[in-house]
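Working notes, beginning with the structure itself.
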Amino acid sequence: MNKNKNSKRRQELVAIAARLFCDQGYETTTVRTLAAEMGIQSGSLFHHFKDKQEILFAVIESGMLHAMEIARQALCEAQTPEERLHALAQAHLSTLLQDRDAHVVAIYEWRSLTDLSRAHLVELRDAYESIWREVIYECQQAGLVPDDQGLRRRLALGALNWTVQWYRPDGPLRPEDLAQTLVDMLLGRSPL
């Protein structure tokens, strides 16, 4: 098995798997289908991955790691709590648009993970949510949001994650506008 998880070829294979799992579902996508779409023999797939479960894990993990990287970068440029909240919302949307397939797979195929895979990904999810927790807490300390940060964090992430179902980049709504609408809702400026 190829131990280099960061190899360009492996990343290409993960992206292809993400598209297939998104389009066809994890259970319906066969190893043969994966290999054919990847342009390799079925047996060659196992040079890169131990099994199909490891491919699913790699798809979800790559999306989560990318989301954390983009979030941290976005927060470096924001100063005030409100700017940080907006930057985080926009970063999340950006990740969803760039890695849509991986995020759809994460949302719908989470149940297909083994307990061991799920445990590691829960740690990553918790680390990502802690970024949100920190920024919402900053907003609360600045008097921008009332108590119940947990509910606000869950509502924000749920609303943002669901955009993979309805948002169209070629539509009239820009990601920046969507992020601002979410911030306005979280800060109680919009009844929407």
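The values are calculated or read from the model by the stated rules, or taken from the named source; none is laboratory data. Keep in mind that this is a model prediction, so the values were computed, not measured. Counting neighbours? That spans all protein chains shown, and the Cβs are built from the backbone with ideal geometry, glycine included. Ligands, DNA and RNA are stripped out before the accessible areas are found, and what is left, the full protein with its side chains, is counted by its heavy atoms. Shrake-Rupley method; radii C 1.70, N 1.55, O 1.52, S 1.80 Å.
Key figures
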quantity	calculated
Rounded to 10°, Cα long-axis angle of helix 52-77 versus longest principal axis of the chain	30
In degrees, nearest ten, helix 175-186 long axis to first principal axis of the chain (Cα)	50
Portion, in percent, of the accessible area of the chain that falls on carbon or sulfur, probe 1.4 Å	53
Tail fraction, Cα-Cα pairs, region 52-187, threshold 26 Å, whole percent	23
Gain on full stretching of the segment that runs from Ala119 to Gln140 - 0.36 nm per residue minus C-alpha separation	4.5 nm
Estimated FRET transfer efficiency (Ser190, Asp170; beta-carbon r; R0 30 Å; 0.05)	0.75
Per residue, in Å², the accessible surface of region 95-192 once ligands and nucleic acids are set aside, probe 1.4 Å	57
Tilt relative to the chain, helix 115-141 - C-alpha long axis, 0 to 90 degrees, to 10	20
Cα pair distances of region 119-177 binned at 5 Å [whole percent]	4, 16, 19, 19, 17, 15, 8, 1
